[in-house]
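The values are calculated or read from the model by the stated rules, or taken from the named source; none is laboratory data. None of the values given here were measured: they were computed from a predicted structure. So basically every Cβ, Gly included, is an ideal-geometry build from the backbone, and we count neighbours across all protein chains shown. We work out accessible area using only protein heavy atoms, side chains counted, and drop any ligands, DNA or RNA first. Shrake-Rupley method; radii C 1.70, N 1.55, O 1.52, S 1.80 Å.
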Amino acid sequence: MPNSSSISEFLLLALADTRQLQLLHFWLLLGIYLAALLGNGLISTAVACDHRLHTPMDFFLLNLALLDLGCIS
């Protein structure tokens, strides 16, 4: 029995129709993105610069922050 669930088109709908709502979504998502960049960047900088933060837990925290930076970008 062959697979009959193939999709032949992709429909991309707008998040909002009004300009004010689009700008609200833009600024909200930009703020969340920049907060995530700043937080992960601070974690990475702190672990890399402070020699007391070279324990295994901090090593994995640094890897998690770098992975999150890659995923959100």
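Gain in length, LEU28 to MET57, computed as 0.36 nm per residue apart minus the alpha-carbon separation, to one decimal in nm? Walk me through the intermediate numbers first.
Values: separation 29, 0.36 × 29 = 10.44 nm, distance 3.23 nm.
Result for the pair: 7.2 nm of gain on full extension.
Order of 5-13, 39-47 by packing, highest average Cβ count within 10 Å first?
On the way: 5-13: 4.9, 39-47: 15.6.
Averaged packing, sorted descending, gives the order 39-47, 5-13.
Considering Cα pairs under 8 angstrom that are at least six residues apart, work out the relative contact order of the range 4-71 and quote it in whole percent.
Details: 24 pairs, mean separation 17.8, N = 68.
So the answer I get is 26 percent.
Report, in deg cm²/dmol and to the nearest 500, the calculated mean residue ellipticity at 222 nm for the chain, where each DSSP H run with n ≥ 4 adds -39500 (n - 2.57) and the sum is divided by the residue count. Walk me through the numbers before you get to the answer.
Working: 2 runs with 48 residues, N = 73.
Calculated from helices alone, the mean residue ellipticity at 222 nm is -23000 deg cm²/dmol.
Return the carbon/sulfur percentage of the accessible area of the chain, one whole number, probe 1.4 Å, all protein chains in place. Can you show the working numbers first?
Values: 4620 of 6490 Å².
Using a 1.4 Å probe with all protein chains present, the chain comes out at 71 percent carbon and sulfur.
Just the projected area, averaged over all directions, of the convex hull on the alpha carbon atoms of the chain: how many nm²?
9.2
Send over a whole-number figure in Å² for the accessible area per residue of the chain, probe 1.4 Å.
On the way: 6490 Å² over 73 residues.
Counting only protein heavy atoms, the per-residue value for the chain is 89 Å².
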